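Presented below is the structure to which this report refers.
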Amino acid sequence: MTDLATIAERLDNAARTATAIPQLAADAGIDVDTAYAVQEALVGHRLARGETLVGLKMGLTSRAKMAQVGVDEVIWGRLTDAMRVDDGGTVTVGGLIHPRVEPEVAFLLDRLPEPGEPLADFASAVRAVAPALEVIDSRYRDFTFSLPDVIADNTSAAAYTIGPWQPVPAGIDNLGVLLEVDGRVVQTGSTAAILGDPRRALTEGVRLAGRYGVQLRTGWVFLAGAATAAVPLKPGAHVRAVVESLGTASLKVTP
Ligand code: OOG
Ligand code: MG
């Protein structure tokens with residue numbers, strides 16, 4: 001049986017050298033709880049290199065995403081400062097394996113929500129909301145993975161861009177979402193696709209992360225998970241997420 005630290009090291013090397021690797025969890029007999037421990041060790045390598053934790057991301061919170069990757073459980077991962085790309089900034093695909101991009105909704109946390117806190121109270125836990133883009137890049141060959149594999153791989157997290165923060169409007173549970181590449185709409189959806197209401201992704205995230213001893217912090221960013229399937233990120237592309245009433249987040253792609 002391959003130990004947890006070795007798996008974390010393989011995933012870290014795969015990301016740093018932009019080299020796809022075979023899936024690991026089945027051979028290593030890794031379940032979901034162990035996979036989250038691998039994720040912690042994997043992100044630990046980044047922290048040891050000087051990165052800092054700046055938030056959490058949810059994954060597979062919409063049916064479109066679950067169907068695309070064939071895994072139907074909600075998952076969560078960790079975001080570091082080095083993954084952040086300024087709005088309108090540039091992502092270099094040369095350092096990535098087979099990146100995809102997807103439209104997201106981001107929350108800025110104001111105070112520590114308690115696990116199990118009812119949804120209505122989250123208005124006071126969230127300082128602001130923003131349209132966002134996430135770049136995902138599975139470290140596994142063919143972007144194919146099991147549930148424990150994708151959890152161990154920090155839920156494919158690679159980079160993210162946040163548009164302008166703004167106060168949370170009254171209803172954010174049915175806003176139109178578009179993903180544009182070079183001015184063409186390539187995906188359409190609604191924030192309703194995110195667990196019925198993107199605020200529910202936060203409730204779920206607090207509950208799940210709490211189970212693994214992660215404390216959300218004031219000032220942390222929280223990605224609710226994509227409302228649509230992800231699309232390949234190609235060199236030269238201009239990518240934009242448009243979320244009704246919230247505005248846009250954009251990035252450029254260089255080789
Ligand atoms: C897993 C990450 C999913 C989302 O927003 O659903 C995710 C993957 O699709 O590789 O970030
Ligand atoms: Mg995502």
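The values are calculated or read from the model by the stated rules, or taken from the named source; none is laboratory data. Please read all numbers here as calculations on a predicted model, not as lab measurements. With ideal geometry, Cβ positions are generated from the backbone for all residues, glycine too; neighbour counts draw on all protein chains shown. We work out accessible area using only protein heavy atoms, side chains counted, and drop any ligands, DNA or RNA first. Shrake-Rupley method; radii C 1.70, N 1.55, O 1.52, S 1.80 Å.
Suppose we filter ASP153, ASP142 for residues that are open to solvent by less than 10 Å² (accessible area, probe 1.4 Å) and either more than 12 Å from ligand 1 (Cβ to nearest atom) or of a type outside the set (Gly, Ala, Ser) (or both); which single one remains?
ASP153
Kindly indicate which of LEU60, LEU56 is more than 10 Å from ligand 1 (Cβ to nearest atom) and buried (at least 20 other Cβ atoms within 10 Å of the Cβ).
LEU56
Which of the residues spanning the stretch 216-242 are in a loop (DSSP other than H, G, I, E, B), under 17 Å from ARG127 (Cβ atoms) and more than 13 Å from ligand 1 (Cβ to nearest atom)?
Within the stretch 216-242, LEU216, ARG217, THR218, GLY219, TRP220 qualify.
When only residues in the stretch 210-253 that are among the hydroxyl-bearing types (Ser, Thr, Tyr) and touching a helix residue (DSSP H, G or I) at 6+ places or on another chain (Cβ under 7 Å) count, which is most open to solvent (accessible area, probe 1.4 Å)?
Filtering the stretch 210-253 for residues that are among the hydroxyl-bearing types (Ser, Thr, Tyr) and touching a helix residue (DSSP H, G or I) at 6+ places or on another chain (Cβ under 7 Å), the one most open to solvent (accessible area, probe 1.4 Å) comes out as TYR212.
What single numbered condition from (1) within 16 Å of ligand 2 (Cβ to nearest atom); (2) in contact with a strand residue (DSSP E or B) (Cβ under 6 Å, 6 or more places away or on another chain) fails to hold for PHE145?
(2)
Just to check your reading of the model, which residue among ASP81, ASP72 is open to solvent by 20 Å² or more (accessible area, probe 1.4 Å) and within 16 Å of ligand 2 (Cβ to nearest atom)?
Matching residue, one of ASP81, ASP72: ASP72.
Could you give every pair whose Cβ atoms fall below 8 Å, whose first residue belongs to the stretch 163-185 and is open to solvent by 50 Å² or more (accessible area, probe 1.4 Å), and whose second residue is part of a loop (DSSP other than H, G, I, E, B) and not acidic (Asp, Glu), counting only separations of at least 6 or pairs across chains?
ASP173/GLY196; ASP182/ALA237
Every residue in the stretch 29-57 that is closer than 13 Å to VAL150 by Cα, part of a loop (DSSP other than H, G, I, E, B) and of a type in the set (Val, Ile, Thr), please.
ILE30
Taking the stretch 199-228 only, how many residues are within 16 Å of ligand 2 (Cβ to nearest atom) and farther than 25 Å from THR52 by Cβ?
Here the count works out to 3.
Can you tell me how many residues in the stretch 186-200 are surrounded by fewer than 21 Cβ atoms within 10 Å (Cβ to Cβ) and touching a Leu at 6+ places or on another chain (Cβ under 6 Å)?
3
Among all residue pairs at least 6 apart or on different chains, which show Cβ distances below 7 Å where the first residue, located in the stretch 91-107, is away from ligand 2 (no atom under 14 Å from the Cβ) and the second is in a strand (DSSP E or B) and open to solvent by less than 40 Å² (accessible area, probe 1.4 Å)?
Note: pairs meeting the criteria are VAL91/VAL135; VAL91/ALA159; VAL91/LEU251; VAL91/VAL253; VAL93/VAL253; LEU96/ALA158.
Does the stretch 2-51 hold any residues that are touching a helix residue (DSSP H, G or I) at 6+ places or on another chain (Cβ under 7 Å), under 15 Å from ASN154 (Cα atoms) and open to solvent by 60 Å² or more (accessible area, probe 1.4 Å), and which are they?
Listed by number, the residues that qualify are LEU4, GLN23, ASP31.
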